[in-house]
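What follows is one structure encoded as structure tokens, with my remarks underneath.
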Amino acid sequence: MMKKIKIINIVIVVFFVCSILNVNAQNSMKATMLKYDSTYISLQSVVKNIYKKYGANDTNFEAVVPDSIDKLLEKTFLLLEKREKEIDKICQNQNEILAEEEANEWNLKTDSIIKLKHLAFNAHPKIGFSFSGNLYLFSAQYAFVLNQFRTFDFGIGSGIEYINKGGSNIEVVQMPVFLNNNFYLEEFIFLNFDYGFTIPISGSYKNNKNDKIDYDINNLKSNFYFELGLGVLTKSNFGIQLNIRNQALGVPETVSSRSQMFGIKLIF
């Protein structure tokens with residue numbers, strides 16, 4: 001329940017920030033248009049000239065400005081207010097047009113590729129961190145995938161990974177070899193399923209005297225692993241992925257013990 005509340009709060013904050021940014025952009029456009037709008041400038045000149053001609057200010061206005069001129073000023077202020085509303089409406093419409101053009105450009109790009117059933121061969125680099133209790137895993141992975149744009153990715157990958165358990169009581173360096181599968185729920189959100197095996201490169205542990213001892217490479221074991229993830233991409237294919245990983249360390253003491261880790265990956 002608390003997690004649900006936190007997620008709702010995050011969504012509200014993001015929506016609030018986006019709204020502020022949109023309002024600021026609209027206000028900036030409005031200020032620029034008012035600065036160069038000939039009608040608005042002319043109406044402002046009328047007000048300035050009247051105040052200058054009669055030497056009027058906020059304290060002596062009623063005493064020095066005739067009623068007929070006062071009515072002219074009142075009409076001018078109404079015209080200024082009307083012109084501001086007109087420009088405000090123009091800015092609002094312009095922002096909507098720009099957003100629609102950007103969306104149409106994106107949809108045209110994706111739709112055209114999907115209609116052509118275009119298949120591409122791309123590289124997907126990822127940097128990740130996973131943990132479970134006192135077990136930590138750092139990974140740098142690189143996958144070559146065949147994909148249909150924002151529909152599916154399928155390929156093979158490898159990389160280098162470092163595992164640390166119990167504050168360096170056990171350390172392992174391994175190379176994963178895996179199949180990469182991404183299935184897109186829509187253009188920006190995808191489900192990930194990777195499965196493969198790890199090849200040990202080196203490992204060490206600490207004995208009772210806290211001495212660091214290297215494992216015999218022949219005693220380190222390859223093991224099967226898999227990951228499930230949920231990711232979000234931007235238009236430029238930069239993204240972030242949350243994942244759950246299940247694997248064994250592959251060292252003699254815990255070769256039969258599997259750990260489930262929770263992690264995050266940055267996608268480039």
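What follows is calculated from the coordinates using simple rules that are stated; it is not laboratory data. It should be emphasised that the depicted structure is a prediction, and the values quoted were computed from it without experimental measurement. Glycine also receives a Cβ, built like all others from the backbone with ideal geometry; neighbour counts cover every protein chain displayed.
Give the shape of the range 64-202 as rounded, prolate or oblate, defined through the alpha-carbon gyration tensor: a ≥ b ≥ c are the square roots of its eigenvalues, a/c under 1.5 means rounded, and otherwise the shape is prolate if a/b is larger than b/c and oblate if not. Judged from the Cα gyration tensor, the range 64-202 comes out oblate (a/c at least 1.5, b/c at or above a/b).
Rounded to the nearest Hz, the phi-derived 3J(HN,Hα) couplings of the range 138-146 under the Karplus curve 6.51 cos²θ - 1.76 cosθ + 1.60 (θ = phi - 60°) are 10, 9, 10, 10, 9, 10, 9, 10, 9, where x marks glycine and proline. Spin-label model, Phe61/His118: points 7 Å from Cα along the beta carbon direction are separated by 6.1 nm.
Per-residue Karplus couplings for the range 212-218, computed as 6.51 cos²θ - 1.76 cosθ + 1.60 with θ equal to phi - 60°, are listed in order as 8, 10, 7, 6, 5, 4, 5 Hz, Gly and Pro entered as x. The label-point distance for Glu101 and Ser68, in a model that sets each label 7 Å from Cα toward Cβ, rounds to 4.9 nm. Within a Cβ distance under 12 Å of Ala248, other residues only, what is the Lys/Arg minus Asp/Glu net charge? Charge balance near Ala248 sits at +3. Round to the nearest 0.05 the FRET efficiency obtained for Glu253 and Ile156 when R0 = 25 Å and r is the Cβ-Cβ distance. Calculated transfer efficiency: 0.20.
Applied to the range 172-178, the Karplus parametrisation 6.51 cos²θ - 1.76 cosθ + 1.60 on θ = phi - 60° returns per-residue 3J(HN,Hα) values of 9, 10, 9, 10, x, 10, 8 Hz, with x for Gly and Pro. Asn49 to Ser28: FRET efficiency via 1/(1 + (r/R0)^6), r the Cβ-Cβ distance, R0 30 Å, to the nearest 0.05? With a Förster radius of 30 Å, E is 0.55. Please check which bits of the range 157-186 a label hung off Ala140 would reach, taking the label as a point 7 Å along Cα-to-C-beta and the cut-off as backbone N under 18 Å. Only 157-164, 172-178 fall inside the zone, counting backbone N under 18 Å. Assuming R0 = 41 Å, what is the FRET efficiency of Phe197 and Lys235, from their Cβ-Cβ distance, to the nearest 0.05? That gives a FRET efficiency of 0.75.
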